[in-house]
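Note sheet for the following structure.
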Amino acid sequence: MARKIPATTTGASRPPAAAPGFLFGMGVGGFVDGIVLHQLLQWHHMLTHTEDGNPRTVAGLELNTFADGLFHSAMWLLVVAAAVLAIRAHRQRRLSAGWRFHVGLVLAGWGVFNVVEGLVNHQLLGIHHVRDDLGGPLAWDLGFLGLSVVLAAVGLFLYRKGKRLEKPEEVAQDSKHAD
């Protein structure tokens with residue numbers, strides 16, 4: 001059943017919602033980090049550079065598996081929040097139709113997530129590095145940060161280009177399709 005949206009909340013004069021794509025990018029970035037670097041390549045886990053987190057011991061691997069699970073749960077919550085906000089934006093007729101807008105936000109969110117995670121976990125706290133299985137992980141950490149900045153910059157470029165291409169008639173959705 002189509003839900004009628006009052007004219008004052010149609011979103012035709014409001015900009016398209018950016019939060020859903022950005023949060024989705026952060027969640028996907030975390031999932032790629034956790035699945036690829038933690039599980040598939042096993043370069044590090046959340047706590048591999050801590051005293052109790054040595055992955056070569058059963059207790060350390062158990063602790064890291066638990067910490068990785070908490071990390072993945074947080075990423076899942078980001079993706080769920082992104083979905084809720086996307087539904088809300090759709091109902092407000094504020095969901096952009098442009099792919100540059102969405103892809104740009106996803107890449108920007110992914111890059112920002114990696115920069116924050118790299119600065120906090122790798123540099124400030126030192127609880128793990130990109131490659132804890134090698135000596136001298138600083139080069140890997142800096143490379144990760146550099147690629148993440150490039151990812152965020154490309155995403156921001158695409159987002160801004162997509163935002164400029166937005167027109168009110170492209171943003172507004174037919175009321176019979178609104179939930």
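The values are calculated or read from the model by the stated rules, or taken from the named source; none is laboratory data. Remember, it's a predicted structure, so these values are computed and weren't measured experimentally. Every residue, glycine as well, gets a Cβ built from its backbone with ideal geometry; the counts of neighbours run over all protein chains shown. Note: areas computed on protein heavy atoms with side chains; ligands, DNA, RNA excluded. Shrake-Rupley method; radii C 1.70, N 1.55, O 1.52, S 1.80 Å.
Where Rh is the Kirkwood radius over the Cα pairs of the range 61-156, the temperature 25 °C and the viscosity 0.890 mPa s, what D in µm²/s does Stokes-Einstein return? Could the numbers behind the result be given before it?
On the way: Rh = 15.3 Å.
Taking Rh from Cα pairs, D becomes 160 µm²/s.
Between ALA18 and residues 5 or more places away or on another chain, which pairs have amide H atoms under 5 Å apart, with H built 1.01 Å from N, and which residues are they?
Long-range HN contacts for ALA18: none found.
Between beta-carbons, use under 13 Å as the cut-off and find the net charge around LEU78, counting Lys and Arg +1, Asp and Glu -1.
-2
Using θ = phi - 60° and the Karplus form 6.51 cos²θ - 1.76 cosθ + 1.60, what ³J(HN,Hα) does each residue of the range 137-144 get, whole Hz, x for Gly and Pro?
Those phi angles translate into x, 4, 4, 5, 4, 5, x, 4 Hz.
Please report, in debye to the nearest 20, how large the charge dipole of the range 89-173 is about its Cα centre when each Lys and Arg carries +1 at its beta carbon and each Asp and Glu carries -1 there.
With Lys and Arg at +1 and Asp and Glu at -1, about 660 debye.
Within the range 18-50, find all residues whose amide N lies under 20 Å from a label point positioned 7 Å from the Cα of LEU77 along Cα-to-beta-carbon.
19-35, 46-47
Report, to the nearest whole %, how much of the accessible area of the chain belongs to carbon and sulfur atoms, 1.4 Å probe, protein only.
68 percent
Please report the projected area of the range 40-93's Cα convex hull averaged over all directions, in nm².
That works out to 4.7 nm².
Work out from phi, with θ = phi - 60° and the Karplus expression 6.51 cos²θ - 1.76 cosθ + 1.60, the ³J(HN,Hα) of each residue of the range 21-37, listed in order in whole Hz, and give x for Gly and Pro.
Result, ordered by residue: x, 5, 5, 4, x, 4, x, 5, x, x, 5, 4, 4, x, 6, 6, 7 Hz.
Output ³J(HN,Hα) for the range 80-85: one whole-Hz value per residue in order, computed from phi by the Karplus curve 6.51 cos²θ - 1.76 cosθ + 1.60 with θ = phi - 60°, and x for Gly and Pro.
5, 4, 4, 5, 4, 5
At a 10 angstrom cut-off on C-beta neighbours, averaged per residue, how do the peptides 90-102, 124-136 rank from highest to lowest?
Ranking the peptides 90-102, 124-136 by packing returns 90-102, 124-136.
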